[in-house]
Amino acid sequence: MVWLTGTSAPTVVAIQAPQRLDEEARAAVEAAVERHGARREQLVQILVDVQADTRWLPPAVLEAVGRAVGLSAAIVQGVASFYRFFHLEPVGRLHLLWSDNVTDRNLGNRERAAEVAAAFGLSGRRPGAGGLLSQDFTSCTGLCDQGPAVLVNQARVVTRLDKARTEALIDLIRRGIEPEHWPAEWARVDDTVHRADLVLGGQGLRGEALRRVQALGADAALDELESSGLRGRAGAGFPTALKWRRCRAAPIPEGAARVVVCNADEGEPGTFKDRALLRRQADTMVEGMTLAAWLVGARRGFVYLRGEYRFLLEDLQRVLARRRAMGLLGQAVGGEAGFDFDVEIHLGAGAYVCGEESALIESLEGKRGTPRIRPPFPVERGYLGLPTIVNNVETFCAKVHSVSGDCDRPGLYELPFGVSVRELLVLAGARDVQAVQVGGPAGVCLAPPEFDRRLAFEDVPTTGAFTVFDRSRDMFEVARGYSQFFAHESCGFCTPCRVGTELVRRRFDKLADGYGSGFDETELHELEDLLHGTTHCGLGATATNPLRDTLARFRPAYERRLQQPRFVPAFDLDAELAPARRVTGRDDEGAHLERIG
């Protein structure tokens, strides 16, 4: 053991002896390390590959990976513990990860999961049935239009898990049928495109745009991009041409080059547009990355693919291989000597915050996805300290709206900016609408008097998530669910977000349990002000948007839960004193809070 000093009191830390590694785990570690060149920045990818073989990451595995890449076991464990797809405790040979977005809840995902738990005697996250099965929940799998959905061992998707399909699933698991032999229909993921335009209805680009840009020249092409008014489609709406110019102008070390990153980590609950674009227009996305690379002088590109979309990985790899064979990636791209550019796919491991560009870069570098302090901005110092542009799939492709919730035609709609909320509701077959959540939980919740507002940067900006709630839904419970999401997804870096989101969640739970008073409303307002003004990144700053909007627009849903005439604690204070009474041997009237006064 060692003594750590430098604090108010020394701390004793026990140093464990190295853990034994069985042959199967040793082979998995060696193969993954060799595949990724034992590079520290590939740590997340190494852990993804190792866990695919070992099912979970015991201390011995973490130690072995650390030794191979030159990191301590503590650092490796710290990275692994950050991402919810990494298991530091044993899971079943089959691990079901249920999507827990509000639309999945409305479709009965909790009831279906309870049926599975009852059938196999599961308790919480622990494996049951002799280690055969375990299950858990994740915020959203990007399948809001065809839920309830489940990820099986994070690699296979099961959609539309209604009661009948869940009963059939239970039967197959009991009979020992492996997932690859389950009905193919269960793994069907539809694009659900209800309105296609130039992009969703067109062919993917295979060199046409790149040749045109090369013919124009970099300066003229950037001028044209600026004239087009193209802005980032992730919500902030930063001018694309300006970002690319800044990256192009940023100095680089001798022999180095700039980097292009496509952010395909659409973790905002209620959005699934990238899922269809990656399936239908992967060529166009990669073409956009390639012309960006030519314009800014990049040689390396990444697609950061959210872990929930792992089922798209093989198809995307085939697209990249085909483009290399066509001379559109690799050496002398497009036949231009000296223009060398290639793209690799980095698989995320389940962290909503990695949708923020600097957190994404941290993850690309094999670290915890904690947002960076800016400046410097990624266009100045990004991946491995190199100037880096990060744009999402839509910026390289098109504007698409994901519609889910209480409507007849959930799915994707390719529409121009300026369409009204009401027009989109009509197209989706929504009736008796009480509210629309635009832009996911971090966006804005609109009530019927606002449905003539327009989806545009100048009015209602949106990341493409559009969730519909009819009048049967309790908007308090909707906001409560979103509070659970933000508390779960906080990266934990800054205290206002780490503690504040949890306090908001607990306050919602208190109101739901019937202990709400005017004091609690005041406390919620104070927490909202705190998070909006003091958090490290945008996740914390927008975490109370659902609270703010629903409290203002659907106040009766809260008033029903604020009926207590005075402050009521959320727990039994007198019961909390029971251990003290046992220690002191007191049980008189003065030792009980409820009897005082």
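Please treat every number below as a calculation from the coordinates, not as lab data. Keep in mind it's a predicted model, so treat the numbers as computed, not measured. Virtual Cβ from ideal backbone geometry, glycine too; neighbours counted across all protein chains shown.
So what's the gap between the Cα centers of region 200-257 and region 392-439, to the nearest angstrom?
27
Can you compute the modelled spin-label distance between residue 125 and residue 254, with each label point 7 Å from Cα toward Cβ, in nm?
Going by the 7 Å Cα→Cβ label model, 5.1 nm.
Can you check what the net charge comes to around residue 429, using other residues whose Cβ is under 15 Å from the Cβ of residue 429 (Lys, Arg +1; Asp, Glu -1)? Let's see the in-between values first.
Numbers: positive: 195, 409, 422, 431; negative: 145, 406, 408, 423, 432, 470.
Local net charge: -2.
Shape verdict for region 94-190, please, from the Cα gyration tensor: rounded (a/c under 1.5), prolate (a/b greater than b/c) or oblate. Walk me through the numbers before you get to the answer.
Working: a/c = 1.60, a/b = 1.22, b/c = 1.31.
Here region 94-190 falls in the oblate category.
Can you compute the helix-only [θ] at 222 nm over the chain? Use -39500 (n - 2.57) per DSSP H run of at least 4 residues, normalise by all residues, nearest 500 deg cm²/dmol.
On the way: 24 runs with 240 residues, N = 597.
Rounded to the nearest 500, it is -12000 deg cm²/dmol.
Kindly state, to the nearest 0.05, the FRET efficiency for residue 447 paired with residue 67, given R0 = 51 Å and r defined as their beta-carbon distance. Before the final figure, lay out the partial values.
Details: r = 57 Å, r/R0 = 1.12.
So the FRET efficiency works out to roughly 0.35.
Nearest 5 percent is fine: what portion of the DSSP beta bridges confined to the chain is antiparallel? Mind showing how you got there, number by number?
Numbers: 24 of 55 bridges.
Bridges in the chain that DSSP calls antiparallel: roughly 45 percent.
List the extent of the Cα atoms of region 195-395 along each of their three principal axes, largest first, rounded to whole Å.
Dimensions of region 195-395 along the principal axes of its Cα atoms: 40, 40, 31 Å.
Work out, step by step, the length gained on full extension between residue 118 and residue 311: first 0.36 nm times the residue separation, then minus their alpha carbon distance; give nm to one decimal. Walk me through the numbers on the way to the answer.
Details: separation 193, 0.36 × 193 = 69.48 nm, distance 2.86 nm.
Value of the extension gain: 66.6 nm.
What is the ratio of the Cα radius of gyration of region 417-479 to 2.2 N^0.38 Å, where N is its residue count, to two decimals?
Details: Rg = 11.0 Å, N = 63, 2.2 N^0.38 = 10.6 Å.
Dividing the Cα radius of gyration by 2.2 N^0.38 Å gives 1.03.
Between helix 109-120 and the chain, what is the angle of the helix's C-alpha long axis to the longest principal axis, kept within 0 to 90° and rounded to the nearest 10?
70
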